[in-house]
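Comments concern the structure below.
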There are 4 protein chains.
Amino acid sequence: MHSSASPVRKAAAELIGTAALVAVVVGSGLQAARLTEDTAVQLLANSLASAIGLGLLIALFGPVSGGQLNPVVTLSAWWLGRRDGSGPGTREALAYVAAQTVGAVAGALLAEAMFGRAEVVWSTQERIGDRLLLGEVVATAGLVLLICGLTRIGRTQLAPVAVAAYIAAAIWFTSSGSFANPAATVGRAFTDSFTGISPGSLPGFIAAQLAGGAMGLALAAVLYGKPVGRDASGSGPGQDRRVSPESADTAAVRMR
Amino acid sequence: MHSSASPVRKAAAELIGTAALVAVVVGSGLQAARLTEDTAVQLLANSLASAIGLGLLIALFGPVSGGQLNPVVTLSAWWLGRRDGSGPGTREALAYVAAQTVGAVAGALLAEAMFGRAEVVWSTQERIGDRLLLGEVVATAGLVLLICGLTRIGRTQLAPVAVAAYIAAAIWFTSSGSFANPAATVGRAFTDSFTGISPGSLPGFIAAQLAGGAMGLALAAVLYGKPVGRDASGSGPGQDRRVSPESADTAAVRMR
Amino acid sequence: MHSSASPVRKAAAELIGTAALVAVVVGSGLQAARLTEDTAVQLLANSLASAIGLGLLIALFGPVSGGQLNPVVTLSAWWLGRRDGSGPGTREALAYVAAQTVGAVAGALLAEAMFGRAEVVWSTQERIGDRLLLGEVVATAGLVLLICGLTRIGRTQLAPVAVAAYIAAAIWFTSSGSFANPAATVGRAFTDSFTGISPGSLPGFIAAQLAGGAMGLALAAVLYGKPVGRDASGSGPGQDRRVSPESADTAAVRMR
Amino acid sequence: MHSSASPVRKAAAELIGTAALVAVVVGSGLQAARLTEDTAVQLLANSLASAIGLGLLIALFGPVSGGQLNPVVTLSAWWLGRRDGSGPGTREALAYVAAQTVGAVAGALLAEAMFGRAEVVWSTQERIGDRLLLGEVVATAGLVLLICGLTRIGRTQLAPVAVAAYIAAAIWFTSSGSFANPAATVGRAFTDSFTGISPGSLPGFIAAQLAGGAMGLALAAVLYGKPVGRDASGSGPGQDRRVSPESADTAAVRMR
């Protein structure tokens, strides 16, 4: 957010980064599905590859655009920073969401081009039902709590590793496959494979993700209290530390 | 322990953290069991997801409540700190254990809600016999030795990664599945699945865990000697360094 | 590149390092193929072992020769440094490529000696078609973008871990198996096994790798802009930092 | 080596540490073998658990005894330090080897006690033939090269992670299973299971390990040159840095 890159370059980074993320998720799913019939082995490979890809992209694109690659993350940053100006403005947030969504679709099509289908098809993978939506709420709440928590305890530099590890686990412990990303969810409607989602299942999933994001923000407030001080440097008084946006941004790439 | 959070917030953190931990363990077990019939693949997925979840929770909740999430860990801290006041007091320790236990049950029910059963059932997974109890003693002794050892060598900042890695391995090298956590053990009585334990097996497992915890403390004394100096800052004389509780608490989140 | 080692020692390091890399890739493939018929499990083991081997070799050989172990990486360094003298000269680059190629063949033969065939054979594993070549372009572009990006954001010290993680994921998300290394590709023509490639498939793969490398350089320019200042210390003005070659070289081993 | 612990405590640490290491290796092998018939899945679980166990033990026992847990490592340190007194003396080295060997046998028996056999049995797992011995030479040479290399490039603090990762990979890329540890090899003669080795195969394996250790020392000399200066502080002139033993010892636990 606070990098010196131009708005166009930032949006390009979010677009390319989200494209790469979805290409990794969909591509590794296609690869796994053609190599084994054991669905758990497929998911092991898919979850490890997806987690690694996400972690590297956050590290690499963080200093350019923040490496958010996810509308829920962008909206959380917008919400948390709406008072003190530390987050993106409304227009910048919308540009990010648009770039992420376009990138996600492009990434799905790239994976399809590498692994098999020339023509564009819709996914037929239905993902409906209360249990799956609950899973998606849990997955997204956990993601937002993690990111907010790292900021509140002053450890945003761990974000690439921590978010990657979180996704690898969440794919397993939630019933929904832990999409937790509205843009990637849209992109995954363009692959009729293991990791796809039918267009009819999109509204429920995206609504669950937004609800989960709000719940994650609420949980962070319960656990860490309200951030104090609205000065951007975070040097205000009070028991809760708040990392300044600049240091958080640059720190995001100090992976370890 | 020595964070500035209020006692209520600390207990809330232990409750929420232990709930999340058990939801990860039970949820990933339910997911794995429905995806493959190969039990080793199930355990691979379950052990990796559980380890990651535990590591992230220790990192994220450490600065609030210590991120103990385990009555054996709380009791060890109480025992080691009973003289110099570095650990929790008796009342605080009991509050932690209660919060952890309630959280563990809630976490198991959340996993069941995501994956399948609406009604609450008891586990029918019997876990009895000397070999399993020996496994549980070994698992818990290793866990306590690890945590004490990291403190004694001044490396508590490695706790999230080291404890996570330990659990991933201990699930494999012990015969009992390495529960090593009385609260989580109680919680796991509420899922009739891969990772459950029947109520009748609880007393043996919990007794073995307590015995293992004591053995871990003894092993640490053999290997590292008695800590010297009872001043909280750990600056006393002698060959054995002792990290001060404050630095240990804050260090717990410097994951790498 | 800028280490004080003699040119002969540098070339020896590149030769031994690439030999070890290919021995790890081919050997772990041979091992996996004889232990299971599930191709996805084979690839899980092969990708994890290959990634670890690559990461350790970059860390260990980086301070001697730069730990490039890959002609595309050497050529990228030559291209980027041709103006300011920060990269290898043309002669040094050619010596590296030759050493890498000889080492790769030796490594494949060592793996064959450990696992099975006394006589030298050509691979019969055909790898042709547009989809695979597209996969190889993607794999190599991502690798070069990663390495350039780490330099541009001042995090070359993460190279061993990041490059290793990238390869583990790329083996899964690309359709080609992510060779992404012309020298290793030549070496893998000398094993008729899981990880081999028939001599007839070499030209296409190597061309795709070179094209991918160029695309990676272009992507890095889009995302990070042109490096400013041609002074070797990288202390020139402008928004884009550029790590000095010396610090990048020595930093390459500070794995975390 | 240069820790302030008494010789008895050091030997106890090596004994307990090697016992724990072998219990992890053998125990995880027994667990895996009873959960699946897919040998590659068995080896995946066994290699990951063994690597994690080794890494944690090096980190935890390093500050007490050096965390060598392996006669080849002890003998290498003795050889390299015989002139400048930086390594263990001959008597100390022999005490370490004895403690490691006794510990290894105890660890194997502990694993058997947890998983199955009350009585002590010999392994019937024959491991003979030139190919396996070549694999064991390669595995041990790589291990010694790695440890020496980390010292020469001043990165001994990476030893726990790097050695663990190395073993996880070497189990896959060598034909012998990468025992690479004479004490553990003796211990593994006491389990008739997946990870065992018949007594008749011991002499060949141990000879190959010693030869591999010598080859690793030779490779390190080729790549890094002779260490300069025989003063223990390593502050002598010349291009090759040499980490002082004290800093290496304490650094060994700064895992990341």
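Each reported figure results from applying straightforward, stated rules to the coordinates on display, with no laboratory input. These numbers come from a predicted model, not from an experiment. A quick note on method: Cβ atoms are made from the backbone with ideal geometry, for glycine too, and the neighbour counts reach across all protein chains shown.
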Label-to-label distance, nm, for residues given as A:ARG83 and C:ILE128 (7 Å Cα→Cβ offset) | 6.7
With a 10 Å Cβ neighbour count serving as the proxy for reagent exposure, in which order, fewest first, do B:MET215, B:MET114 appear?
-> B:MET215, B:MET114
Residues whose built amide H sits under 5 Å from the amide H of A:ARG127, excluding neighbours closer than 5 in sequence, are A:SER198, A:SER201
If one compares the long axis through the Cα atoms of helix A:130-152 with the longest principal axis of the Cα atoms of chain A, the angle in degrees, nearest 10, works out at 40
Among the lysines, which fall within straight-line cross-link reach of B:LYS10, defined as a Cα-Cα distance under 24 Å, with same-chain neighbours fewer than 8 residues apart omitted?
-> A:LYS226
Expected sort for A:18-28, B:31-41 on mean C-beta neighbours within 10 Å, highest first, is A:18-28, B:31-41
Is it possible to state the helix-based mean residue ellipticity at 222 nm for chain A, with each DSSP H run of 4+ residues giving -39500 (n - 2.57), the sum divided by total residues, to the nearest 500 deg cm²/dmol? What is it?
-> -22000 deg cm²/dmol
Taking square-rooted eigenvalues a ≥ b ≥ c of the alpha carbon gyration tensor, is the protein assembly as shown rounded, prolate or oblate, where a/c under 1.5 means rounded and, failing that, a/b exceeding b/c means prolate?
-> rounded
Averaged over A:56-69, how many beta carbons belonging to a partner chain fall within 10 Å of each residue's beta carbon?
-> 4
First measure r as the distance between the Cβ atoms of B:ALA211 and D:ARG34, then evaluate 1/(1 + (r/R0)^6) with R0 = 25 Å and state the FRET efficiency to the nearest 0.05.
-> 0.50
When Lys and Arg each count +1 and Asp and Glu each count -1, what net charge do the other residues less than 12 Å away from D:ILE206, Cβ to Cβ, add up to?
-> +1
Can you pull the mean other chain C-beta count within 10 Å for peptide D:21-33?
-> 4
With no solvent and one equal point scatterer per Cα, compute the Debye intensity ratio I(q)/I(0) for the range A:66-148 at 0.17, 0.21, 0.26, 0.27 Å⁻¹ and report its log10, rounded to two decimals.
-> -0.90, -1.06, -1.15, -1.18
Separation between Cα centres of the range B:9-70 and the range A:83-119, rounded to whole Å | 31
Estimated vicinal HN-Hα couplings, Hz - the range A:89-101 in sequence order (Karplus 6.51, -1.76, 1.60; Gly, Pro = x) | x, 4, 5, 5, 4, 5, 4, 4, 4, 5, 4, 4, 5
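With all distinct Cα pairs included, what does the Kirkwood hydrodynamic radius of chain B come out to in Å, to one decimal, could you say?
Working: mean 1/r = 0.0549 Å⁻¹.
Taking every pair of different Cα atoms in chain B, averaging 1/r and inverting gives 18.2 Å.
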FRET efficiency for A:ARG91 and A:ARG117 from the Cβ-Cβ distance with R0 = 45 Å, rounded to 0.05, comes out at 0.80
Here the range A:71-85 yields Karplus 3J(HN,Hα) values (6.51, -1.76, 1.60; θ = phi - 60°; whole Hz; Gly and Pro given as x) of x, 5, 5, 4, 5, 4, 5, 5, 5, 5, x, 5, 8, 9, x
